[in-house]
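The values are calculated or read from the model by the stated rules, or taken from the named source; none is laboratory data. Given the structure is predicted, the values throughout are model-derived calculations rather than measurements. Cβ placement follows ideal geometry from the backbone for every residue including glycine, while neighbour counts extend to all protein chains displayed. To get the accessible areas, we keep the full protein, side chains included, count just its heavy atoms, and leave off ligands, DNA and RNA. Shrake-Rupley method; radii C 1.70, N 1.55, O 1.52, S 1.80 Å.
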Amino acid sequence: MDCHVSSPAASAQPPTEKTAFIILIIISVCHLLNDMMQTLLSAIYPLLQSNYGLSFAQIGMITLTFQGTASILQPMVGFFIDRNPRPYSLAVGMGLTLAGLVLFSQAGSYPVLLLAAALVGTGSSVFHPESSRVARMASGGRHGLAQSLFQVGGNAGSAIGPLLAALIVLRHGQTSLAWFSLAALLGIYLLIRVGHWYKGHGLMRLMSRAGTAMPQMELPRGRVALTLAVLLALMFSKFFYMASISSYYIFYLMDRFQLSVQSAQLYLFAFFGAVATGTLVGGPIGDRFGRKVVIWVSILGVLPFTLALPYANLFWTGVLSVFIGVILASAFPVIVVYAQELLPARVGMVAGMSFGFAFGMGGIGAAVLGHLADATSLGYVYHLCSYLPAIGLLAIFLPPLETETRQRRRLASGEAQ
């Protein structure tokens, strides 16, 4: 069941349904491989800038092409799979990422780089909404935990990407990106195995849930629309700020503290590692104490750290970036589950919309901030972005969902698992 209802008939979720941890682990590993390959691209921006003489605006356009493609397609993919499940589409998505990565390694011009970025974005548009949906199928009702396990794989891949870029790609050149095709092939194999489970067990779980009474939302449509708008605003603040780190943190460290590319890569690795940690803990905490609490603490609670970052020395810049990564990242799995509980019949579409909006805001943020950095400085960009988490005040408009109310009642009575 997507969420609990009060009637005895609807609350009779089969007690034998357990969390399919093997599937969650495989999906998480594939998410690691997928996002590792994607993060390699942003991690080698200094190399591409040197090879092709790119401006910050052109670098931002590469990010915009990749993330913009994913942003546009992901909600459409999610909408489609809600009505037409495709168990082996995940492997197809990984295949598109593989094609983009190989093209990146052989690109001889800026337009080819943009085409390769579009292929990688298309692969993401297939992978993320469908794999998020599979994670919910395998959750056994522990939706926050499942979403965190799924997303932490991607965050771990994002952390590993810059490290591998520093150790391999920056030493052996752009063509060495093709070596990572082995990771894509491994991902395709694992996702075919997930497709077998999806076809044999996941669809049965889906049909079993569809056969029970669908939970009815008690919120009017206008309130649902307002709630979704607030969630999108919170995601805007998160991912616009994240774009300033993922695309330009290396350049910021090199410019302000005169670090080498390799040393700056290590700081980016530490940030993405902190993001992975925050993602891992956010979902289970949301299951335990409620989604809205985590959203409040994550989005607004990071504000003091972002405000201090532009004034910090090198040591405190590293420390503050770790705190920012942990706190800010804990929100996303909770926001996705919150939105899925708001629209339980549109799980795939909600996942596609969430990941698509995240990618879109990251891409637009990279492009806008790149133009702003060219016109001013990276220091000015970080001063301006430090105020973005203040948008977290909008969380006051989020309603407490019925599922969360029941969770708190069960916790109070000692019935929670």
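Computed values, structure above
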| quantity | calculated |
| --- | --- |
| Gly93 vs. criteria within 30 Å of Gln265 (Cβ to Cβ) and either within 19 Å of the chain's Cα centre (by Cα) or small (Gly, Ala, Ser) (or both) | yes |
| Lone qualifier among Phe315, Phe332 - being more than 26 Å from Leu259 (Cα to Cα) and open to solvent by 10 Å² or more (accessible area, probe 1.4 Å) | Phe332 |
| Extreme residue, nearest to the chain's Cα centre (by Cα), among residues of the stretch 191-203 that are at pLDDT below 80 and surrounded by 12 or more Cβ atoms within 10 Å (Cβ to Cβ) | Gly202 |
| Flag if Ala367 is buried (at least 23 other Cβ atoms within 10 Å of the Cβ) and on the phi < 0 side of the Ramachandran plot | yes |
| Ile188, sole failed condition from (1) β-branched (Val, Ile, Thr); (2) crowded, with 24+ Cβ neighbours inside 10 Å; (3) touching a residue at least 60 places away in the same chain (Cβ under 8 Å) | (2) |
| Ser105 surrounded by fewer than 21 Cβ atoms within 10 Å (Cβ to Cβ), touching a residue at least 24 places away in the same chain (Cβ under 8 Å) and either touching a strand residue (DSSP E or B) at 6+ places or on another chain (Cβ under 8 Å) or under 18 Å from Phe66 (Cα atoms) (or both) | yes |
| Residue within the stretch 267-288 that is open to solvent by 30 Å² or more (accessible area, probe 1.4 Å), in contact with a Phe, Trp or Tyr (Cβ under 8 Å, 6 or more places away or on another chain) and either at pLDDT 90 or above or among the aromatic types (Phe, Trp, Tyr) (or both) present | yes |
| Test: residue in the stretch 207-215 that is among the aliphatic types (A, V, I, L, M), assigned to a helix (DSSP H, G or I), at pLDDT below 85 and open to solvent by less than 30 Å² (accessible area, probe 1.4 Å) | no |
| Residue in the stretch 28-36 that is open to solvent by 30 Å² or more (accessible area, probe 1.4 Å), touching a residue at least 60 places away in the same chain (Cβ under 8 Å), part of a helix (DSSP H, G or I) and at negative phi present | yes |
| Filtered residues of the stretch 107-158 (kept if among the aromatic types (Phe, Trp, Tyr) and over 30 Å from Gly290 (Cβ atoms)) | Tyr110 |
| Helices (runs of 4 or more DSSP H) wholly inside the stretch 305-399 that include at least 1 residues being farther than 19 Å from Phe271 by Cα | 331-342, 347-375, 378-385 |
| Qualifying position, being more than 21 Å from Pro129 (Cα to Cα) and under 17 Å from the mean Cα position of the chain (by Cα), among Val347, Val326, Val293 | Val326 |
| Criterion violated by Met235 - all others in (1) at pLDDT 90 or above; (2) open to solvent by less than 30 Å² (accessible area, probe 1.4 Å) satisfied | (1) |
| Selection within the stretch 107-146 - more than 30 Å from Asp287 (Cα to Cα) and at pLDDT below 85 | Ala107, Gly108 |
| Qualifying residue in the stretch 165-173 (condition: modelled with pLDDT under 80, part of a helix (DSSP H, G or I), crowded, with 17+ Cβ neighbours inside 10 Å and aliphatic (A, V, I, L, M)) | yes |
